[in-house]
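First the structure, in the form of structure tokens, and then the observations on it.
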Amino acid sequence: MMDSFEFNKIAGAVLGALLFLMGLGIFSNAVFHAPKPKIAGYDLPAAEAAVAAAPGAAAAPATPVAELLAKADPAKGAATAKAACGVCHNFEQGAGVKQGPTLYGIVNRPIASTPGFAYSSSLVEKAKTDKQWTFEALNAFIVNPKGYANNTKMAYAGEKADGRRGDILAYLRSLDASPAPLPAK
Ligand code: HEC
């Protein structure tokens, strides 16, 4: 039979155990307190790269044109340009216009300067500010024609690959009796 004395002993033991557990909880909270992060989740290493590559983040091609030209192969560029531009452009001196003006001597030629050619208004505007087809201007136009001159008549999506674009630029440079000096870095 359980008398009241025994009951008190058991109740006391249970109470003691509960108090001990509570104390342990408070103590461990004090010792192992982890501050809550301001923003939930982990920082992923890819996040920054994704922001950098976001469309419209950079209007100009990322790789400097001097670097593209240093690695370029004009012979490969000739093949690429004949396939990509040849439908609409001649490359030989004195050759007439096709859909677009001839590209012979294009490097450093004044923008929109072929007599009698009906250029788009935005290329005519570009001629006022950028003046000439420098390597930089050509690079920007060929990577994204509409990005350079928004209502251009040149129905060409652009060459996004640095290697192929560099090759095309090196080929265009060769279309001249005295090719323009390579740009300094
Ligand atoms: C579908 C036809 C077409 C293709 C393909 C094309 N072009 Fe053109 N290009 C044009 C037309 C049309 C113009 C005139 C653009 C304007 O007036 O806005 C032009 C203009 C240009 C000009 C400016 C000429 C000047 O006198 O100011 C350059 C430089 C040029 N193209 C380079 C290229 C290169 C390099 C390629 C190939 C990578 C290429 N184009 C592909 C049709 C084309």
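Given the Cα atoms of the stretch 62-119, and with Rh set as the inverse mean 1/r over their pairs in the Kirkwood sense, what is Rg to Rh to two decimals? Mind showing how you got there, number by number?
Details: Rg = 13.1 Å, Rh = 12.9 Å.
Dividing the radius of gyration by the Kirkwood radius yields 1.01.
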_Built amide H within the under 5 Å cut-off of residue 132, gap 5+_ = 111
*With the full set of protein chains in place, find how many percent of the accessible area of the stretch 61-174 is carbon and sulfur; take the probe as 1.4 Å.*
57
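Give me the accessible area per residue for the stretch 61-174, probe 1.4 Å, as a whole number in Å².
Details: 5660 Å² over 114 residues.
So the stretch 61-174 comes to 50 Å² accessible per residue, rounded to a whole number.
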*Find the lysine pairs in the stretch 63-139 meeting two conditions, Cα atoms under 25 Å apart and a separation of 8 or more places or different chains, and report how many there are.*
6
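Tell me the chymotrypsin sites (Phe, Trp or Tyr not before Pro) within the stretch 1-33 that lie in a loop according to DSSP and have at most 15 other beta-carbon atoms within 10 Å. Don't skip to the answer; put the middle values down first.
Working: sites: 5, 7, 20, 27, 32; in loops: 32.
Passing sites in the stretch 1-33 are 32.
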_Pair-distance profile P(r), taking every C-alpha pair of the stretch 61-174, with 10 angstrom steps and integer %_ = 15, 51, 32, 2
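For residue 62 and residue 150, calculate 0.36 nm times their separation in residues minus their Cα-Cα distance, and state this gained length in nm to one decimal.
Working: separation 88, 0.36 × 88 = 31.68 nm, distance 1.97 nm.
Between residue 62 and residue 150, full extension yields an extra 29.7 nm.
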*Please give, to one decimal in nm, the separation of the simple spin-label points placed at residue 26 and residue 10, each 7 Å out from Cα toward the Cβ.*
2.9
*So what are the ³J(HN,Hα) numbers for the stretch 81-96, from phi and the Karplus equation (6.51, -1.76, 1.60; θ = phi - 60°), rounded to whole Hz, Gly and Pro as x?*
5, 4, 6, 8, 10, x, 4, 10, 10, 8, 10, 8, 4, x, 6, x
*With r defined as the distance between the Cβ atoms of residue 157 and residue 93 and R0 fixed at 30 Å, what FRET efficiency is calculated, to the nearest 0.05?*
0.60
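Let me make sure I get this right: for the stretch 90-137, a, b and c are the square roots of the gyration tensor eigenvalues over alpha carbons, sorted descending. Under 1.5 in a/c it's rounded, otherwise prolate if a/b > b/c, else oblate. Which is it? The partial results should precede the final answer.
On the way: a/c = 2.46, a/b = 1.32, b/c = 1.87.
Cα axes put the stretch 90-137 in the oblate bin.
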*Full-stretch length increase - residue 75, residue 128 - with 0.36 nm per residue and alpha-carbon distance subtracted*: 15.8 nm
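The values are calculated or read from the model by the stated rules, or taken from the named source; none is laboratory data. Note that the coordinates shown come from a computational prediction; the quantities given were computed from them, not determined experimentally. So basically every Cβ, Gly included, is an ideal-geometry build from the backbone, and we count neighbours across all protein chains shown. When the accessible area is computed, the model is the full protein with side chains, heavy atoms only, and any ligands, DNA or RNA have been set aside. Shrake-Rupley method; radii C 1.70, N 1.55, O 1.52, S 1.80 Å.
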